[in-house]
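Each reported figure results from applying straightforward, stated rules to the coordinates on display, with no laboratory input. Quick caveat, the model's predicted, so the values are computed rather than measured. Please note: Cβ atoms are built from the backbone with ideal geometry, for glycine as well, and neighbour counts cover all protein chains shown.
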Amino acid sequence: MSGNEAPILVHHGTTSNQLPLHKFKRWHWWLLVSINIFFLLAGQCAAVLLGRYYYDKGGNSKWLATLVQTAAFPILLVPLLFIPSTLKPSTESTSSSIAVISFIYVILGVVIAGDNMLYSVGLLYLSASTYSLICATQLAFNAIFSYFINSQKFTALIFNSVVVLSLSASLIAVNDDSSGPSGLSKWKYALGFLTTLAASALYSLLLSIMQLTFQKVLKRETFAVVLEMQIYTSVVATCVAIIGLFASGEWRTLHGEMNGFTEGRTSYIMTIIGTAVSWQVCSVGVVGLIFVVSSLFSNVISTLSLALTPIASVIIFHDRMNGVKIIAMLMAIWGFATYIYQNYLDDLKARKLQSEHADGNYQSPSSYC
């Protein structure tokens with residue numbers, strides 16, 4: 001979904017300013033996972049529903065909808081204050097390496113802005129439930145790109161999860177009853193479907209490229225450097241969205257849009273602020289899960305949120321929940337469950353190795369994903 005600017009952290013070692021994951025106690029590790037899962041689920045569900053609410057109540061600016069997906073990045077400065085910075089030039093750093101990193105951040109930020117725009121268009125032409133279920137394909141795309149770019153290992157359960165989630169999205173694609181939120185034409189529904197699908201694919205590609213950046217360029221694997229990448233790329237994406245907002249002329253319509261908002265000016269402002277904050281809460285959960293587990297696991301939890309969002313959208317927006325959507329949602333939940341079970345097996349393997357080596361250190365399941 002949007003707020004999809006979160007990078008990937010891979011675990012091939014530790015640094016002096018970051019607590020190694022294998023020193024986490026088992027209960028501590030699961031507590032961190034649980035907290036980050038809550039942030040991701042709550043943030044993403046709220047952001048998607050508020051985005052749909054914005055369009056339903058009179059909002060129409062695609063660039064504003066794109067802007068709010070990264071504009072609240074200063075929130076990430078709060079946890080960063082408690083973590084030592086790792087991007088300050090070291091004695092081995094050169095101006096050229098800093099230039100390369102800066103160039104990569106700028107490119108990633110621009111692509112993130114474009115990806116967020118695709119998501120905004122998709123949400124404009126699709127109901128919240130249909131949009132969420134199509135976004136579930138990002139897990140399948142992520143698995144494919146991770147396999148070819150990042151040498152991600154596959155198991156039968158992970159493969160099953162990817163296939164089931166892909167079939168779930170396919171059911172939505174061929175669902176003739178999946179019209180847009182306001183009875184839009186079929187071609188607009190098709191446009192919404194294609195842009196959302198393209199956004200999911202681009203997001204997954206971004207994740208793999210970011211992981212490659214950590215491995216080949218940054219070569220530092222701490223939570224601080226993940227937050228810093230998140231912040232710097234969000235700054236670029238936000239600037240691109242602001243430029244797009246003014247270059248397109250949509251900024252001229254914002255005052256009238258606010259005055260014409262069905263629920264009033266205050267509700268309009270709170271909707272925009274709430275959406276921006278929700279995406280950043282979501283991103284904290286995404287980054288946290290990437291850090292303590294893996295990027296693929298983070299995407300699976302995101303997919304669970306996309307499977308649960310249709311339920312909330314039926315209650316709040318009275319979206320139609322026909323038989324096809326119900327089946328697609330159940331398949332998405334099943335795909336999530338199989339991956340969780342794989343993580344459980346990885347945990348058992350880690351405990352067994354811990355017992356065999358008797359070194360007193362807990363290996364997180366992410367070490368074996």
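Nearest 0.05, what FRET efficiency do Met270 and Trp187 give at R0 = 25 Å with Cβ-Cβ as r? Let's see the in-between values first.
Values: r = 34 Å, r/R0 = 1.35.
So, using R0 = 25 Å, E works out to roughly 0.15.
Which FRET efficiency value, to the nearest 0.05, do you get for His255 and Lys57 by plugging their Cβ-Cβ distance into 1/(1 + (r/R0)^6) with R0 = 25 Å? Each step should come with its number before you reach the end.
Values: r = 16 Å, r/R0 = 0.64.
So, using R0 = 25 Å, E works out to roughly 0.95.
If packing is taken as the average count of other Cβ atoms within 10 Å, what order do 246-256, 226-236 fall into, highest mean first?
Working: 246-256: 12.5, 226-236: 22.6.
Order by mean packing, descending: 226-236, 246-256.
By average Cβ neighbour count within 10 Å, what is the ranking of 153-163, 103-113 from highest down? Before the final figure, lay out each step's value.
On the way: 153-163: 16.4, 103-113: 18.9.
In descending order of packing, they fall as 103-113, 153-163.
Would you please put 194-204, 269-279 in order of how densely packed they are, using the mean number of other Cβ atoms within 10 angstrom per residue and starting with the highest?
On the way: 194-204: 22.3, 269-279: 19.7.
Put in order of decreasing packing, that is 194-204, 269-279.
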Assuming R0 = 25 Å, can you tell me the calculated FRET efficiency for the pair Ile75 and Glu263, based on Cβ-Cβ distance, to the nearest 0.05? 0.50
